[in-house]
Every structure is written in C-alpha cells, then in structure tokens.
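> Handing you this structure, nothing more for now.
The values are calculated or read from the model by the stated rules, or taken from the named source; none is laboratory data. No experiment lies behind these values; they were computed from the predicted model shown. Cβ atoms come from the backbone with ideal geometry, glycine included; neighbour counts cover every protein chain shown. Ligands, DNA and RNA are excluded from the accessible area calculation, which covers all protein heavy atoms including side chains. Shrake-Rupley method; radii C 1.70, N 1.55, O 1.52, S 1.80 Å.
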Amino acid sequence: MNTYDHNNVFAKIIKGDLPAKKVYEDTKILAFHDINPRANIHILVIPKNACIDFTDFLKNTNSIEIANFFQTVHIIINQLGIKNYNIQINNGAKAGQEIFHFHLHILSNDEF
Ligand code: AMP
C-alpha cells in the first residue's frame, strides 16, 4: 500500500460519512472507540491528515504536530481515567495493519 486511499474507513469517519463513538476531537486529531474492542477500553487515535501508516505520518508531519499528537494521546488517556494500558501501532499489512490511515490503539482492562 503506497498511495493513500481517500475512501478508507477512517477517512470516512473524519469526513463524517461513517459514524463513530468519539471520545476526543480537535482540528488535527480524532479519537473514537474501536468497533471490535479487544479490551475493556479500546480507543483508536488518528491524525486528520492523510497518512497511510506510522512511517508516512513521521515523514509527512512536522515535529510540532508529531509531538502534539503524542501529548494528545496522553490527554485522552487521562480523560479516560485509565492507569494501566497498552499502546499499539501496527505498521504495514504483515504487522496486522488493516486500515491504511495511521492510527494508534489504546487498550486497557482497568475496571470502571
Ligand atoms: P489495525 O489492524 O491496526 O489496522 O486496526 C484497525 C482497527 O480498526 C481494528 O481494531 C478494527 O476493529 C477497527 N475498525 C474497523 N472499522 C472500524 C470502524 N468503522 N469504527 C471503529 N473501528 C473500526
């Protein structure tokens, strides 16, 4: 996969063409519940700019926005109130990436 598909599932969620259970949104970043959760809490965080995977995100996003992305991931974690969690990024089909818009998984089995 080396060209960005503007009709991928997450591009459609950003455009509002598909629904999502959003937990955070600003002009650059969106976070929402995974449709098929693998933990009590399973959130996906995505930048709104068109980037295929983590490599593409790092290559085509300025360092201030990259830092802002990861700081925002931590803000979302704090807002969720979770203390124990895993962060996962699948980069490339052979690593299990299914949707080719960069996304980061936040997974937590903390009880609420
Ligand atoms: P990955 O395997 O890293 O590409 O992860 C893709 C994730 O997107 C999977 O965990 C899916 O369950 C999730 N997913 C697929 N479609 C949707 C959707 N419409 N809304 C929310 N999550 C989705």
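> Rounded to the nearest 500, what is the chain's calculated 222 nm mean residue ellipticity when only DSSP H runs of at least 4 contribute -39500 (n - 2.57) each, over all residues? Don't skip to the answer; put the middle values down first.
On the way: 3 runs with 32 residues, N = 112.
Dividing the helical sum by the residues of the chain leaves -8500 deg cm²/dmol.
> For the chain, what is the accessible area per residue in Å² when the probe is 1.4 Å?
Details: 6630 Å² over 112 residues.
Spelled out: the 1.4 Å probe surface of the chain, per residue, equals 59 Å².
> Where does helix 63-80 land angle-wise versus the long Cα axis of the chain, in degrees 0 to 90, nearest 10?
Result, in degrees: 30.
> Got a number for carbon plus sulfur as a percent of the range 10-112's accessible area, 1.4 Å probe? Please list the in-between numbers first.
Details: 2980 of 5840 Å².
Answer for the range 10-112 is 51 percent, counting heavy atoms of protein chains only.
> Work out the length of the dipole vector of the range 17-100 about its Cα centre, built from +1 on the beta-carbon of each Lys and Arg and -1 on the beta-carbon of each Asp and Glu, and round it to the nearest 20 debye.
Numbers: 8 positive and 8 negative charges, 43 e Å.
Result for the range 17-100 is approximately 200 debye, rounded to the nearest 20.
> Counting only Cα, what are the radius of gyration and maximum Cα-Cα distance Dmax of the chain, in Å?
In order Rg, Dmax, the Cα atoms of the chain give 13.4, 41 Å.
> Within the chain, what is the number of lysine pairs with alpha carbons under 22 Å apart, leaving out pairs fewer than eight places apart on the same chain?
Value for the chain: 14.
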